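The values are calculated or read from the model by the stated rules, or taken from the named source; none is laboratory data. Just so it is clear, the model here is predicted, and its values are computed rather than measured. Cβ coordinates were reconstructed from backbone atoms using ideal geometry, including for glycine residues, and neighbour counts include every protein chain displayed.
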Amino acid sequence: MPDAEIAKAVQLLDLMLEFFADEGHWTRGGYDDGNGGHCLVGALLHLSREHRLPTGPAIELLQDAMPRPGLPLVHFNDTRCGSIAELRSVIVNARRLARDDAERERAAAAVKAWLVAQIGKKRGAPASNIMETPPDEPFTPPSASPPSERRQQPSIRIHVQRGVFRRPERLSC
């Protein structure tokens, strides 16, 4: 969710927390009780219209904040929610999720910028081209010395039979 959407969702969730500050505004069994009371979804719709804020991001955050995954908001409000304090705790959890989403978005943007910079550095470095080696010259690694300059090392043979170690024998070349 982009930062702008998160900010609007948090604004709507804050308005909902204010609205449900006292128990008189909370109702069950309908979106609106006719006396200024609303259920969770009714308050969300009412406040979004009144303040011209989108409902989608806030609904998504509230769904994620439900005590049981997949629990519909209306069902939670009407049958599962035991008190206004529990209702407010779901709204507070949704706000926390919004903050976590925003932090995750910023971290992802920082990683993306770093990766793009690393790619730019790699592209700026000169590439080694295998075709630059002349075909008429043999390839010799820089640390290898010609065969004539190599010193002959004596070979050592070690025998191990049934766990018994025998002294190494020197082989003559």
Test: residue 53 is modelled with pLDDT of 95 or more, touching a helix residue (DSSP H, G or I) at 6+ places or on another chain (Cβ under 6 Å) and in a loop (DSSP other than H, G, I, E, B): yes
Close pairs (8 angstrom Cβ cut-off, 6 or more residues apart or separate chains): closer than 15 Å to residue 90 by Cβ in the stretch 1-16, of a type in the set (S, T, N, Q) and part of a helix (DSSP H, G or I) anywhere: 12/48
Filter result (of a type outside the set (A, V, I, L, M, F, W, C), without any contact (Cβ under 8 Å) to a residue 40 or more places away in the chain and either in a helix (DSSP H, G or I) or buried (at least 17 other Cβ atoms within 10 Å of the Cβ) (or both)) within the stretch 57-95: 63, 64, 75, 79, 80, 86, 89, 93
Residue within the stretch 22-37 that is farther than 12 Å from residue 77 by Cβ and under 34 Å from the mean Cα position of the chain (by Cα) present: no
Positions within the stretch 27-78 being within 19 Å of residue 11 (Cβ to Cβ) and among the hydroxyl-bearing types (Ser, Thr, Tyr), in sequence order: 48, 55
The one condition in (1) surrounded by 18 or more Cβ atoms within 10 Å (Cβ to Cβ); (2) among the charged types (D, E, K, R); (3) in contact with an Asp or Glu (Cβ under 6 Å, 6 or more places away or on another chain) that residue 28 fails to fulfil: (1)
